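I have placed the structure first, in the form of structure tokens, so that the comments after it can refer back to it.
The values are calculated or read from the model by the stated rules, or taken from the named source; none is laboratory data. Given the structure is predicted, the values throughout are model-derived calculations rather than measurements. For neighbour counting, all protein chains shown are included, and Cβ atoms are generated from backbone atoms with ideal geometry for every residue, glycine included. Accessible surface is based on the protein model in full, side chains and every heavy atom, while ligands, DNA and RNA are left aside. Shrake-Rupley method; radii C 1.70, N 1.55, O 1.52, S 1.80 Å.
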Amino acid sequence: MKKEVVMSAIIWRNMGSYAHFLNCANGQIVSVETGNIEAKKIVNKPDNYKFDSDTKNFFKNISGQYNSRLCRKNLIKLGLAFNFPTTVNIELSRRCSLRCVHCYVGNKNLRSSKPGFLERMDESGIGDFFDELKSLGVFLVVISGGEPFIGKSLLSLLRIATEKGFLVEIFSNLQYLPEWFLSNEYGNFRIGRIQTSVYSAVSKIHDDITKSSGSLKRTLGNLHLLVKMGYFVEVATPLMKRNFVSWESAKLFFRKKKIAQNFSWPIANEYYGQARKNRLNISGENLRDFVRKNPDFISETQNYNSNELVCEAGKAIFAISANGDVFPCSQLPLPVGNIFLKKKSREIVYGESMLKIGSLKWKDIPAKKVFNFCPGINYTDAGNVLTQPEHMLNAINVAFAKKKGGKK
């Protein structure tokens, strides 16, 4: 193995008269009014500047395991406060080795050999693309698919992103880790999280969902390997009819392993196809039973300030699909432009279509009270960002009534 390379956990963006600094290890952010001072000079010699004690301490804590989970909320707050995107989700390709029954990509796309937009670029083009993202203010790049580790340009992407001062997340099924990745010790890439999906700790249930025998064993083997390498790893467990019976054993399994896990709900319909995947969703009674043991899973998401933004989509975050379509969010597959049709991403990110989604406020929502409100799920399942799908409302009504100990 190569000798470990220790990098500073601090990355930064110069935006107007401010420099914004992110500690990739603990998620802290400091914004400094700089004028014409380069942020790099501040990082290298912070004692030369008259900062308060908290800011000085920020620049002293410059190492540690990268953890983008700790960064996300602060990056969203930063983007909303200063009106620039801090996070982008990039679909490297739609190819995948698994055929998970609930996947929003759809089997036709999962089998496709068509390269994604980044896979069509040489290293110079990838470098220019990341320079664009940097000029927009993006700190965090989330790489998804399909399956990123079978992507043709992931190595170049990780190297260039690290060199240019980005924090990267990878969403992978962990069926396969290439040799070039395994031969690099933690520290050579600035990776803040590697997330995978595990549907059950019971092989039969998990493999039935992925449609691949032995898939649970392969995922867990690579998951444990990544932990040993020093990466922050996290498991996502979508709740559906096929795995609901085993959610408690899965939670206990990862708790004993000391691996972070989160549950998600509901299952959304296909983004790029016609298949209705919401039929896989658990019943209202199942959701009620889950909420009894996980009381914070369903929450009132309406902000009492009607002028507050509904979410960060199109404002602090955006997404780019494999074919170059730009979305306000990876969960909101509503194209607002395509990077191949415009020379600069900035024209799309600050364009009228993106602005319309990014300006959605609580006063625009017809319902007086909403729970687990997500414009992306609304659009995918109901065709309208403002309207929650009926199956979701029914399930929430059942779960919430029992949660409060009364009728809806």
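Overview of results
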item: Residue count for the stretch 369-383, restricted to those that are under 18 Å from the mean Cα position of the chain (by Cα) and either in a loop (DSSP other than H, G, I, E, B) or more than 17 Å from Asn397 (Cβ to Cβ) (or both); result: 6
item: All positions within the stretch 149-169 that are open to solvent by 10 Å² or more (accessible area, probe 1.4 Å), closer than 28 Å to Ala39 by Cα and either among the aromatic types (Phe, Trp, Tyr) or in a loop (DSSP other than H, G, I, E, B) (or both); result: Lys164, Gly165
item: Meets criteria (surrounded by fewer than 20 Cβ atoms within 10 Å (Cβ to Cβ) and within 21 Å of the chain's Cα centre (by Cα)) for Pro366; result: no
item: Residues of the stretch 170-194 that turn out to be of a type outside the set (D, E, K, R) and either part of a helix (DSSP H, G or I) or in contact with a Gly (Cβ under 6 Å, 6 or more places away or on another chain) (or both), as a count; result: 4
item: Looking only at the stretch 384-395, and only at residues there that are in contact (Cβ under 8 Å) with a residue 40 or more places away in the chain and surrounded by fewer than 18 Cβ atoms within 10 Å (Cβ to Cβ), the one that is nearest to the chain's Cα centre (by Cα); result: His391
item: Leading residue by the ranking (least open to solvent (accessible area, probe 1.4 Å)) among those in the stretch 270-295 that are among the polar types (S, T, N, Q) and in contact with a helix residue (DSSP H, G or I) (Cβ under 8 Å, 6 or more places away or on another chain); result: Asn281
item: Any hit, the stretch 123-142, residues being outside any helix (DSSP H, G or I), at pLDDT below 95 and closer than 27 Å to Tyr350 by Cα; result: no
item: Residue pairs meeting the criteria (Cβ under 7 Å; at least 6 apart or on separate chains; first more than 16 Å from Leu280 (Cβ to Cβ) and touching a residue at least 40 places away in the same chain (Cβ under 8 Å), in the stretch 203-215; second open to solvent by less than 20 Å² (accessible area, probe 1.4 Å) and assigned to a helix (DSSP H, G or I)); result: Ser215/His206
item: Residue match in the stretch 294-310 (condition: in contact with a Pro (Cβ under 8 Å, 6 or more places away or on another chain) and farther than 18 Å from Ala236 by Cα); result: yes
item: Qualifying residue in the stretch 340-359 (condition: in a loop (DSSP other than H, G, I, E, B), of a type in the set (A, V, I, L, M), modelled with pLDDT of 90 or more and closer than 25 Å to Asn307 by Cβ); result: no
item: Residue within the stretch 340-351 that is open to solvent by 50 Å² or more (accessible area, probe 1.4 Å), of a type outside the set (S, T, N, Q) and in contact with a strand residue (DSSP E or B) (Cβ under 8 Å, 6 or more places away or on another chain) present; result: yes
item: Residue that is most open to solvent (accessible area, probe 1.4 Å), among those in the stretch 317-326 that are of a type outside the set (Ser, Thr, Tyr) and in contact (Cβ under 8 Å) with a residue 24 or more places away in the chain; result: Asn323
item: Set Arg159, Arg111: member being under 29 Å from Ser264 (Cα atoms) and modelled with pLDDT under 95; result: Arg111
item: Failed criterion for Phe117 (all others in (1) open to solvent by less than 10 Å² (accessible area, probe 1.4 Å); (2) out of contact with any Asp or Glu (no Cβ under 8 Å at 6 or more places or on another chain); (3) at pLDDT 95 or above hold); result: (3)
